[in-house]
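The values are calculated or read from the model by the stated rules, or taken from the named source; none is laboratory data. Quick caveat: nothing in here was measured; it's all calculated off a predicted structure. Note that each Cβ is placed from the backbone with ideal geometry, even for glycine, and that neighbours are counted across all protein chains shown. Each accessible area value is taken on the protein alone, full model and side chains, heavy atoms only, with ligands, DNA and RNA left out. Shrake-Rupley method; radii C 1.70, N 1.55, O 1.52, S 1.80 Å.
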Amino acid sequence: MAAIGIVIVSHSKQLALGVRELAAQMVQGQVSIAVAAGIEDPENPLGTDPIQVYEAIASVFSDDGVLVLMDLGSALLSAEMAIEFLPEAQQQKVYLCEAPLVEGAVAAVVAAGAGKNIHQVMAEARGALLAKATQLGVSPLSVVSDNIEARNSEFPVKEIRLIVSNRLGLHARPAAQFVGTVARFQSQILVQNLTRNTGLVRGDSINQVTTLGVRQGHELVITATGSDADEALAALQTLFTNNFGEDNVALNSPPVFHHEVTPATHGELSGIAASRGVAIAPVVHYQPTHITITEYHVDDPESEWQRVQAAIQTARQEIQAVFSQASLQIGDTEAAIFDAQLLFLEDPVLLEAAHQRILDHHINAEAAWQAVVEEVVTSYRRLEDAYLQERVEDVVDVGQRVLRLLAGNAPANLHLSEPAILVATDLTPSDTARLDPTMVLGICTTFGSATSHSAIIARTLGIPAVLGVDSQVLHLADGTLMALDGESGKAWVEPESHILDLLEAKREAWQTAQQEARATAHQPAITLDGRQVSVFANIGSINDVQVAVASGAEGVGLLRTEFLYLDRISAPTEEEQLEVYQAIAQVLDNRPLIIRTLDVGGDKPLPYLRVGFPEANPFLGWRGIRFCLDHLDLFKTQLRAILRASVGHQIKIMLPMIATVTEVRAAKAILGEVQAELNQAGIPFDAAMKLGIMVEVPSAVAIADQLAAEVDFFSIGTNDLSQYVMASDRTNPRVANLVDALHPAVLRMVQQTIQAAHAAGISVGLCGELAADTIATPILLGLGLDELSVNPQSIPGVKQAIARLSIVESEAIAASALQQDSAVHVRELISTSIIPPTN
């Protein structure tokens with residue numbers, strides 16, 4: 001019989017205790033129920049505390065699973081943060097459920113008491129409102145958007161169902177990718193969140209898609225009607241399969257800090273810790289230009305609509321400029337925030353509403369635009385999901401930009417004559433992205449949260465930030481000395497000398513740690529006993545390579561070329577590819593560049609290449625080298641571009657998804673044909689360019705000795721290798737916990753591959769996510785890897801981890817890890833080994 005634990009998270013302790021009492025009466029104490037509710041503040045007892053939630057989960061934890069039910073707002077964020085405190089193995093067994101608190105708790109406890117498993121218990125909780133809805137004659141699926149056009153009966157309705165695996169669901173960036181993909185097709189595409197029982201909404205509306213409130217684990221149904229329905233659904237399926245390009249690691253996630261609570265001192269302000277670091281400087285107020293709108297009657301509504309369209313076009317150009325600058329400054333991942341803003345300007349529902357308001361009411365463009373934007377803002381604020389509520393800032397940001405252009409106002413500029421701490425009511429993402437970290441030493445606002453896009457950008461820029469402080473800060477005179485600590489969430493106005501001394505010491509220690517990390521990043525990674533290990537970067541764009549070099553990459557161990565083929569209606573030409581490969585090689589300045597040939601197919605289809613039939617298991621299907629060998633024109637075009645780019649650069653070719661020697665020999669034969677064609681045409685290339693393979697299929701490990709005789713290097717792809725070895729689809733939440741690269745079975749495969757490579761005298765690297773996990777570093781060193789290739793942001797930490805280890809120590813840990821019987825025990829082994837921590 002399953003022993004499921006139930007946790008009730010609420011802002012109100014009395015409410016939570018009442019729910020627990022009601023639920024417990026149903027099962028006479030057979031089920032463990034814990035409460036995490038309220039905060040220890042007699043004057044303001046309503047709230048949630050992540051530590052309380054963590055303790056509650058720990059008190060009822062069971063390997064059979066723990067179900068967490070929450071009321072609203074910060075309860076969800078507290079629960080998500082609490083899970084982060086748990087050991088990784090336990091995190092996989094805790095499930096956050098969006099069911100109604102009272103009915104859901106009763107249904108879950110009854111199901112758990114009946115011995116049902118965690119998935120059945122969660123299903124019962126989610127369906128808890130069904131009886132009430134039926135009795136009241138209400139159907140949860142009865143509401144359909146008024147903005148949906150009638151379907152074209154000429155074409156059948158095609159449908160797919162998908163589970164969302166992104167850590168934060170369809171937040172701004174993946175929602176933008178979703179809508180951008182929909183916009184490429186003629187078919188009418190509708191989407192519904194089955195988990196939340198929403199109505200159908202238009203897939204080409206960024207606001208309607210966002211307000212579906214899609215979170216990790218939610219099930220969506222997507223329908224398409226039209227001539228290109230199959231292609232559209234295939235493209236959307238690809239987005240979800242590829243996790244929207246996200247790795248489910250909390251990139252620049254809100255900092256979780258542990259510090260002693262100290263009594264408030266004179267001039268001390270408390271706020272939200274949003275971006276770590278210490279700043280001491282005079283304050284400068286930032287006040288965006290206030291736009292006053294007056295509504296008035298117009299005789300020519302069409303000219304007003306043309307004004308809106310002109311303002312939108314200019315706003316689009318401005319946002320594209322911000323996006324380009326942000327990409328260079330904060331990287332493609334965080335800059336993608338502005339992709340969502342561009343889609344907001346193209347949202348057909350929004351544009352139709354603005355147009356209709358001008359035509360129906362004969363009002364001026366400014367008034368119409370402001371009214372429809374305010375309606376969207378209101379719809380976001382009505383969401384129960386606190387994280388999605390915070391996306392209001394993006395709507396306001398882009399809405400105000402268009403309004404400013406309509407009003408003819410110049411953009412607000414911030415000119416600082418000396419370094420300062422910026423004080424403001426709030427900062428938009430656009431404001432924050434334009435900040436110069438050498439002049440803006442800190443940010444202090446009266447609004448905002450640690451999960452806002454502005455806070456994310458501040459963390460990426462490395463600007464300390466304290467948000468949500470008392471509004472009295474807005475009355476300070478410019479030039480007033482302020483100190484702030486982005487780790488504790490405190491700020492001080494005209495701080496006393498002892499506070500300044502403490503903060504100066506903390507700032508110096510922080511700066512020293514940062515300098516050490518940067519210095520280590522640009523030095524070779526050498527173990528304590530003198531072994532040098534190459535640390536390369538995994539990249540997927542031109543901007544990524546700039547970040548990689550700045551982070552200390554010694555080369556690129558994996559260039560994913562798929563980005564060249566996606567978001568297009570046809571394959572890239574040889575010249576287009578050549579230009580990109582040369583640009584990346586130029587930035588690397590003769591550092592090694594390993595280019596992986598196209599890795600698409602059944603699991604990552606290209607809309608403009610017909611697969612012909614859906615595959616039951618695309619991970620075991622027509623992908624990687626198999627796909628390329630069946631598309632010789634595509635393959636040869638890419639090989640020609642890579643060969644031509646190799647002149648004067650250290651470029652290598654890597655083949656993906658190799659399972660047999662025959663595949664390698666076939667690819668080598670095609671490469672030889674392309675080389676002969678180039679020779680005949682008198683086109684130069686590096687004739688000595690090395691060829692390697694990805695080792696990510698168990699068969700490749702089994703015949704690694706034979707494959708090593710055919711190529712110049714191996715690169716182990718532990719992401720795919722793990723799921724193939726464990727026979728578990730990493731996108732299937734029911735078995736994804738089995739896909740752990742630290743499982744001894746996977747580690748033994750890695751060891752076998754390394755031994756075969758070294759026996760043949762070739763090098764071997766590892767480019768899976770495991771390489772970036774510093775917990776795994778001693779094992780990887782101990783197994784004898786020559787090279788680790790990681791995401792650019794992980795390079796400093798990985799180099800520091802290598803520098804603090806010896807090969808002798810690492811070999812001992814690796815040998816012991818191979819003898820363990822589970823990934824959990826491997827992690828326990830590492831945690832109990834004497835390994836200096838990394839920053």
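At a glance:
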| read-out | value |
| --- | --- |
| Residue in the stretch 58-66 that is at pLDDT below 85 and either open to solvent by less than 80 Å² (accessible area, probe 1.4 Å) or within 26 Å of the chain's Cα centre (by Cα) (or both) present | no |
| Residue among A465, A433, A458 that is in contact (Cβ under 8 Å) with a residue 12 or more places away in the chain and over 21 Å from V322 (Cα atoms) | A465 |
| Single match in L343, L359 (criterion: at pLDDT 70 or above, touching a Gly at 6+ places or on another chain (Cβ under 7 Å) and in a helix (DSSP H, G or I)) | L343 |
| Number of positions in the stretch 540-554 that are surrounded by fewer than 22 Cβ atoms within 10 Å (Cβ to Cβ) and not polar (S, T, N, Q) | 4 |
| Residues located in the stretch 660-709, provided they are touching a Leu at 6+ places or on another chain (Cβ under 9 Å), among the charged types (D, E, K, R) and farther than 22 Å from H631 by Cα | D686 |
| P614 vs. criteria within 30 Å of S728 (Cα to Cα), in contact with a Gly (Cβ under 9 Å, 6 or more places away or on another chain) and either part of a helix (DSSP H, G or I) or modelled with pLDDT under 95 (or both) | yes |
| The listed residue being under 18 Å from E88 (Cα atoms) and part of a helix (DSSP H, G or I), out of A771, A700, A757, A745 | A771 |
| In the stretch 703-716, the residues that are farther than 14 Å from V746 by Cβ and either outside any helix (DSSP H, G or I) or under 31 Å from the mean Cα position of the chain (by Cα) (or both) | I703, A709, E710, V711, D712, F713, F714, S715 |
| Filtered residues of the stretch 478-498 (kept if among the small types (G, A, S) and in contact (Cβ under 8 Å) with a residue 40 or more places away in the chain) | G479, A483, G486, S488, G489, A491 |
| Of the criteria (1) closer than 25 Å to L351 by Cβ; (2) at pLDDT 85 or above, which one G271 fails | (1) |
| Any pair with Cβ under 6 angstrom, 6 or more apart, that starts in the stretch 537-555 at a residue that is in a strand (DSSP E or B) and ends at one that is open to solvent by 40 Å² or more (accessible area, probe 1.4 Å) | N538/N791 |
| Filter result for R640 (within 21 Å of E579 (Cβ to Cβ), at pLDDT 95 or above and open to solvent by 50 Å² or more (accessible area, probe 1.4 Å)) | yes |
| Close pairs (8 angstrom Cβ cut-off, 6 or more residues apart or separate chains): touching a residue at least 12 places away in the same chain (Cβ under 8 Å) and among the small types (G, A, S) in the stretch 707-725, outside any loop (DSSP other than H, G, I, E, B) and open to solvent by 40 Å² or more (accessible area, probe 1.4 Å) anywhere | A708/A759 |
| Lone qualifier among P837, P796 - being under 27 Å from the mean Cα position of the chain (by Cα), at pLDDT below 90 and either at positive phi or outside any helix (DSSP H, G or I) (or both) | P837 |
| Yes/no for A183 being among the aliphatic types (A, V, I, L, M), touching a residue at least 40 places away in the same chain (Cβ under 8 Å) and open to solvent by 30 Å² or more (accessible area, probe 1.4 Å) | yes |
| Checking H522 against (1) open to solvent by 20 Å² or more (accessible area, probe 1.4 Å); (2) under 18 Å from K652 (Cα atoms), the condition it does not meet | (2) |
| Within the stretch 79-92, tally of residues that are crowded, with 19+ Cβ neighbours inside 10 Å and at pLDDT 85 or above | 3 |
| Cβ-Cβ under 6 Å pairs, at least 6 apart or on other chains, the stretch 98-109 side within 10 Å of M70 (Cβ to Cβ) and open to solvent by less than 10 Å² (accessible area, probe 1.4 Å), far side assigned to a helix (DSSP H, G or I) and not basic (K, R) | A99/A125; G104/A125 |
| Residues of the stretch 555-564 satisfying the condition of being open to solvent by less than 30 Å² (accessible area, probe 1.4 Å), at pLDDT 85 or above and either under 21 Å from the mean Cα position of the chain (by Cα) or under 24 Å from F185 (Cβ atoms) (or both) | L558, L559, T561, L564 |
| Count of the stretch 565-591 residues which are open to solvent by less than 20 Å² (accessible area, probe 1.4 Å) and either free of Cβ contacts under 8 Å to residues at least 24 places away in the same chain or of a type outside the set (A, V, I, L, M, F, W, C) (or both) | 4 |
| The stretch 94-115 - residue that is part of a loop (DSSP other than H, G, I, E, B) and within 16 Å of V31 (Cβ to Cβ) and, of those, modelled with the highest pLDDT | A99 |
| All positions within the stretch 29-57 that are surrounded by fewer than 16 Cβ atoms within 10 Å (Cβ to Cβ) and hydrophobic (A, V, I, L, M, F, W, C) | I39, L46, I51 |
| Count of the stretch 493-507 residues which are open to solvent by 60 Å² or more (accessible area, probe 1.4 Å) and of a type in the set (K, R) | 1 |
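Conditions (1) touching a Ser or Thr at 6+ places or on another chain (Cβ under 8 Å); (2) under 17 Å from V556 (Cβ atoms); (3) of a type outside the set (D, E); (4) without any contact (Cβ under 8 Å) to a residue 12 or more places away in the chain, marked per residue:
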{"position": "G621", "(1), (2), (3), (4)": "no, no, yes, no"}
{"position": "D630", "(1), (2), (3), (4)": "no, no, no, yes"}
{"position": "Q638", "(1), (2), (3), (4)": "yes, yes, yes, no"}
{"position": "K652", "(1), (2), (3), (4)": "no, yes, yes, no"}
{"position": "A659", "(1), (2), (3), (4)": "yes, no, yes, no"}
{"position": "E673", "(1), (2), (3), (4)": "no, no, no, no"}
{"position": "G682", "(1), (2), (3), (4)": "no, no, yes, yes"}
{"position": "A688", "(1), (2), (3), (4)": "no, no, yes, yes"}
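Every residue, every condition in (1) in contact with a Gly (Cβ under 6 Å, 6 or more places away or on another chain); (2) part of a loop (DSSP other than H, G, I, E, B); (3) farther than 19 Å from H285 by Cβ, yes or no:
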residue: S417; (1), (2), (3): no, yes, no
residue: I421; (1), (2), (3): yes, no, no
residue: D426; (1), (2), (3): yes, yes, no
residue: S430; (1), (2), (3): no, no, no
residue: L435; (1), (2), (3): no, yes, no
residue: L441; (1), (2), (3): no, no, no
residue: F447; (1), (2), (3): no, yes, no
residue: R459; (1), (2), (3): no, no, yes
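For every residue, the table says whether it meets (1) under 34 Å from the mean Cα position of the chain (by Cα); (2) aromatic (F, W, Y); (3) open to solvent by less than 10 Å² (accessible area, probe 1.4 Å); (4) modelled with pLDDT under 95.
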{"position": "T718", "(1), (2), (3), (4)": "yes, no, yes, yes"}
{"position": "P744", "(1), (2), (3), (4)": "yes, no, yes, no"}
{"position": "Q751", "(1), (2), (3), (4)": "yes, no, no, no"}
{"position": "A759", "(1), (2), (3), (4)": "no, no, no, no"}
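Quick grid of which residues meet (1) closer than 27 Å to A455 by Cβ; (2) in contact (Cβ under 8 Å) with a residue 60 or more places away in the chain; (3) open to solvent by 20 Å² or more (accessible area, probe 1.4 Å); (4) assigned to a strand (DSSP E or B):
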| site | (1), (2), (3), (4) |
| --- | --- |
| A281 | yes, yes, no, yes |
| Q287 | yes, yes, yes, no |
| W305 | no, yes, yes, no |
| V308 | no, yes, no, no |
| I312 | no, yes, no, no |
